[in-house]
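Notes follow the structure.
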Amino acid sequence: MVRFSILSLLILSSLSCTKKEQDQAKKTLYLTTSANDVYAFNLADKKLLWHAEAFNKAENDEVNFFTVDEKHLTKAYIDGSIIQYDKKTGKKVWEIKDTDGPDAKLYNFDFNEVAFRLFYQYPLVVNGNIIFANSHGEIKSISMATKKVNWVYHNPNIIYSSPKVVKNLVLVSLNGSMIAIDIKTGKKVSSVNYDENEPVTNEMVIDGGNIFTLSQNNLLSYFTPEYNSIWDYKADNTSQSSTHNILITDDAVYFGGSTLFAVDKEKGELLWKTELYKDDNALLSVSKCDDGVMVSTRKELLKLDDDGKIIARKKLASEAYGILYLANNNYYYVCQNGVIYSIDAGLQHEAVFYKGINIDPEHRVDNTYMFAE
Amino acid sequence: MQSAHVKKSRIKKTLKIVGLSFIGLVIIIIGIEFMYKDSVESPMYKVQQYLTYSKEDWANYENMKRMQAEANTRPDMVDVLIEAPQSPEDTTIWTNAIKNKDFIPEGVLEDINRYKKRDFSKLKIAEDKPSDDDAQQAIVRNYQNEVTSLLSKYKAHIKIGACYAAPLQKLDGDTEIARVTAMVSAFNKEQGNLGNIQAPLNVIYDFVKYQSDPTTWHLADFSQSIPYDYVLNKDKW
């Protein structure tokens, strides 16, 4: 009887663990590229669930991101369109086309020679409102229910990156400065100037309520939303550094270009730096792995251990393009041949995940955006 | 009997000596206290210290003494009281009331007299000054949709009055190259002068240009008192 009870308990506990793992397993992978098509795939059987075709291709030639919530995928397009898709069917359920606000003339900021664009916007979806910024210096909150503009904040600068939300503040990087706006009223709460020699055009990255910025000259800064500096780390000898390929884990921050830097997250001290390539290549993405980091460059995938030593390499048949995305212990990446590949954490087993991704040959920036749930 | 009388006389004598000594002591203490009246630490204060102070009290006392000594060795510091600039006031609205000896609220007459005594003789009209459009843009850029919604609602625009040169301020950051103080007012076709319409719009500001952007006027709080602009506000709001 005792044996039977113990056996029953073991079976029950093993069933419960299996169920938990299944619950955590990601089922759907969403993808967009510089061509701005949107795809949803079933991760288990590699089947395409839906595909929203790109439009206005002459203008929509750089990647813009999307936000996935309970029911919808909301995507920004560079021509000012913001479209919400039913995330199960891909059916368009809502759309707007952003233009200059009616009050823009009153501000008289000179954007005559600046094309109206949405650069690298998600857009954010917060409490039923979408929040984003455009190239004519406007930061906007629009009610999704009524399509009414809640507020617009006007700046004289072109905005190249998406706003971020920390508590009740909308934070936006404006090249030379960062501005904090009240999320409900659109009123400026504060602003701070970046160091003149360290302009920030990259997207700021929020981690644990604090902010990381990476300047054009590779100054990595970590600070609180009140702009109290936690630490700065100035990297040398790198190129193509961007927050689009930054990785922040519990212990470290990984960033760089031809050289990858690992910086202690608490102290801001260099843990290690590793040269990834000499020339004619590009760091595309850094992704988590159990005992180090996985890196994708245009020509190969690299696995680095905790000390920054390269412990595995995978040369690519076709050049990679965009991010390296981890889902269910596999890494997904798109190549210039229009194929999504998946590979295991040991870089041993590469497999074709899906053929036929629309790659715009005229795209200006090689990038993709993926999200799985 | 005689010895009893001698005893009484000795007691009286002793009492006299004690009494006179006590009175003498009191006079001496009062005298010393009077001599030390301007001193922080009088003898009585010292006596009271020795009688009542604990170790902690003595530590605090020594600390205070040290800080006072440090403060005394610093170069002379003079606190300068700078009077906050005052908003311009239209005193003409009280002129008739004063003439007719009508009721004037308590304190208003005092304010009017104080206002009339202000010295504007050192003010200089500024040559480099914002246009109406410059002023409106500076205001709009500062207040954003709080003011754009007001201007749109009232179909109003901003006009700026006489501009007085204001001292440049040396704060951290960008260097100022021009600063003026002026009254502004909102106008529309239907109602004419609307004044500030409502908060947060005000009727007096400083307008500042910075070295990094020498063609753009920026809004700032007004830094000096200027006369009421009767030309800008010839139509009262």
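Only the coordinates and a few stated rules stand behind these numbers; no lab work does. Because the structure is a prediction, the values reported are computed rather than measured. Glycine gets a Cβ as well: all are built from the backbone with ideal geometry, and neighbour counts include every protein chain shown.
What does the extension gain come out to for A:Asp236 and A:Lys188, with contour length at 0.36 nm per residue minus their alpha carbon separation?
On the way: separation 48, 0.36 × 48 = 17.28 nm, distance 3.50 nm.
Using 0.36 nm per residue and subtracting the Cα-Cα distance, I get 13.8 nm.
Could you line up A:Glu275, A:Glu226 from fewest to most neighbouring Cβ atoms inside 10 Å?
On the way: A:Glu275 13, A:Glu226 10.
Neighbour counts put them in this order, fewest first: A:Glu226, A:Glu275.
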Using only the alpha-carbon atoms, how far is helix A:2-24 inclined from the longest principal axis of chain A? Give it as 0 to 90 degrees, nearest 10.
30
Do any GluC sites (Glu not before Pro) in the range A:79-178 lie in a loop, going by DSSP, with at most 14 other beta-carbon atoms within 10 Å of their beta carbon, and if so which?
A:Glu113
FRET E, pair B:Ala199, B:Leu15, Förster distance 56 Å, beta-carbon r, rounded to 0.05
0.10
Okay, helix-only estimate at 222 nm for the protein assembly as shown: each DSSP H run of n ≥ 4 adds -39500 (n - 2.57), divide by all residues, round to 500 deg cm²/dmol; what do you get?
-7000 deg cm²/dmol
Mean Cα-pair separation over length for chain A, i.e. relative contact order, pairs under 8 Å, 6 or more apart, %
11
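Mind checking the range B:79-155 for trypsin sites (Lys or Arg not before Pro) that DSSP puts in a loop (not H, G, I, E or B) and that have at most 16 other Cβ atoms within 10 Å?
B:Lys101, B:Lys117, B:Arg118, B:Lys122, B:Lys124, B:Lys155
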Roughly how many Å is it from the Cα centre of the range A:23-83 to that of the range A:285-306, as a whole number?
25
Taking trypsin sites (Lys or Arg not before Pro) as exposed when in a DSSP loop with at most 11 other Cβ atoms inside 10 Å, chain A has its longest clean stretch at A:168-266
Mean-position separation - Cα centroids, the range A:182-244 and the range B:88-117, in angstrom:
55
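Can you give the extra length, in nm with one decimal, that the chain gains between A:Ser229 and A:Lys27 once fully stretched, where that is 0.36 nm per residue apart less the Cα-Cα distance?
Numbers: separation 202, 0.36 × 202 = 72.72 nm, distance 3.95 nm.
That pair, A:Ser229 and A:Lys27, stretches by 68.8 nm at full extension.
Net charge near A:Tyr77, counting Lys/Arg +1 and Asp/Glu -1 over other residues with Cβ under 14 Å of its Cβ? Present the calculation step by step, with values, prior to reporting the outcome.
Details: positive: A:Lys57, A:Lys75, A:Lys92, A:Lys97, A:Arg117; negative: A:Asp37, A:Glu53, A:Glu59, A:Asp61, A:Glu62, A:Asp79, A:Glu95, A:Asp98, A:Asp360.
It works out to a net charge of -4.
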Using 0.36 nm times the number of residues separating A:Lys278 and A:Asp69, minus their current alpha carbon distance, what extension gain do you get?
71.1 nm
Compute the distance in nm between two label points, each set 7 Å from the Cα along the Cα-to-Cβ direction, one at A:Asp86 and one at B:Tyr50.
9.7
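Tally Lys/Arg at +1 and Asp/Glu at -1 over every other residue whose Cβ is under 13 Å from the Cβ of A:Glu198; what's the total?
After counting each charged neighbour, the total is -2.
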